[in-house]
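Below is one structure, written out as structure tokens, with a few remarks after it.
The values are calculated or read from the model by the stated rules, or taken from the named source; none is laboratory data. Remember, predicted model here, so these are calculated numbers, not experimental data. Heads up, the Cβs are rebuilt from the backbone with ideal geometry, glycines too, and the neighbour counts pull from every protein chain shown. The accessibility values were calculated without ligands, DNA or RNA, using every heavy atom of the protein model including side chains. Shrake-Rupley method; radii C 1.70, N 1.55, O 1.52, S 1.80 Å.
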Amino acid sequence: MTEENPLNAAREAVIGAALAHVPFDGWSETTLKAALADSGVEPALGAALFPRGALDLALAYHRQGDTRMMEALAATDLDVLRIRDRIASAVMTRLDLVEDKELVRRGSTFFALPQNAAEGARAIWGTADAIWTALGDTSDDVNWYSKRATLSAVYSATVLYWLGDDSPGHEATRDFLDRRIGDVMQFEKMKAAVRSNPLGKALLAGPMKLMEQIRAPRAPADLPGSLKDRT
């Protein structure tokens, strides 16, 4: 068994220490300073681990949740489920791993600020990508983007509903999520019907030809992706 990376260990320690402060001070510089003091991590190292301060702390916490979700899904047999149930199970797994709703509520407020909105959207996209990756998605064309964009919207709406849900076992959230996934499925059926219609085929011939050129990114750094090689 290999030793844990010291920087990762320090980052995890700060995140863990921050959780007690976020409900009171939000994802803020005050929380970061308190977490550094509580964890014993030197401020200089904290500045290196979280160069943008509270923003990087909040993003690190979000990514930690994505990682734990992927680990939980890897230990779960989802192959017996329909694809819509796999997606729902993954989303609920991600939410069930949250230690305290107030952490997410404070995060929603933090990422709603204009200066943080772009990073918040990127974090949600990352969660959608993590879910599709965990479910074994192999798409390499425009579907790679449409799957993640659609799931990002479904996930965002579900989180907001979940924050106000006090039903046993969050049953109301699961029902809400099932309805949102059902809406997406109906939309996909409609698109398939349009494509199979002769008039629809003719109208979509040009746009579809262009979309066939789109390829998924080879790595996160390759975003937004590319057109396929013409050679």
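Annotations for the structure displayed:
- Members of the range 12-28 found to be in a helix (DSSP H, G or I) and within 23 Å of Gln115 (Cβ to Cβ), listed by number: Val14, Ile15, Ala18, Val22, Pro23, Phe24, Asp25
- For the range 145-175, filtering for residues that are of a type outside the set (Gly, Ala, Ser), open to solvent by 30 Å² or more (accessible area, probe 1.4 Å) and farther than 16 Å from Ala90 by Cα leaves 5.
- Residues of the range 37-48 satisfying the condition of being in a helix (DSSP H, G or I) and either open to solvent by 20 Å² or more (accessible area, probe 1.4 Å) or more than 22 Å from Asn116 (Cβ to Cβ) (or both): Ala37, Asp38, Ser39, Pro43, Ala44, Leu45, Ala47, Ala48
- For Arg122, the stated conditions hold: it is open to solvent by 30 Å² or more (accessible area, probe 1.4 Å) and in a helix (DSSP H, G or I).
- Search result, residues across the range 115-132 that are within 11 Å of the chain's Cα centre (by Cα) and in contact (Cβ under 8 Å) with a residue 60 or more places away in the chain: Ala123, Gly126, Thr127, Ala130, Ile131
- Meets criteria (surrounded by fewer than 16 Cβ atoms within 10 Å (Cβ to Cβ), of a type outside the set (Val, Ile, Thr), modelled with pLDDT of 95 or more and under 17 Å from Val154 (Cβ atoms)) for Ser89: no
- Restricting Glu12, Glu3, Glu29 to residues that are among the acidic types (Asp, Glu) and modelled with pLDDT under 95 narrows the list to Glu3.
- Total residues in the range 57-77, condition buried (at least 18 other Cβ atoms within 10 Å of the Cβ) and either of a type outside the set (A, V, I, L, M, F, W, C) or under 17 Å from Asp178 (Cα atoms) (or both): 4
- Given (1) without any contact (Cβ under 8 Å) to a residue 24 or more places away in the chain; (2) under 30 Å from Arg148 (Cβ atoms); (3) not in a helix (DSSP H, G or I), number of the condition Glu71 does not satisfy: (3)
- Selection status of Leu113, out of contact with any helix residue (DSSP H, G or I) (no Cβ under 8 Å at 6 or more places or on another chain), modelled with pLDDT of 95 or more, farther than 21 Å from Ile87 by Cα and not acidic (Asp, Glu): yes
- For the range 25-44, the set of residues classified as among the aliphatic types (A, V, I, L, M), touching a helix residue (DSSP H, G or I) at 6+ places or on another chain (Cβ under 6 Å) and more than 16 Å from Leu103 (Cβ to Cβ) consists of Leu36, Val41, listed by residue number.
- Residue in the range 136-147 that is modelled with pLDDT of 95 or more and either polar (S, T, N, Q) or under 16 Å from the mean Cα position of the chain (by Cα) (or both) present: no
- From Val80, Val22, Val104, Val98, residue being touching a helix residue (DSSP H, G or I) at 6+ places or on another chain (Cβ under 6 Å), open to solvent by 20 Å² or more (accessible area, probe 1.4 Å) and under 30 Å from Ala172 (Cα atoms): Val98
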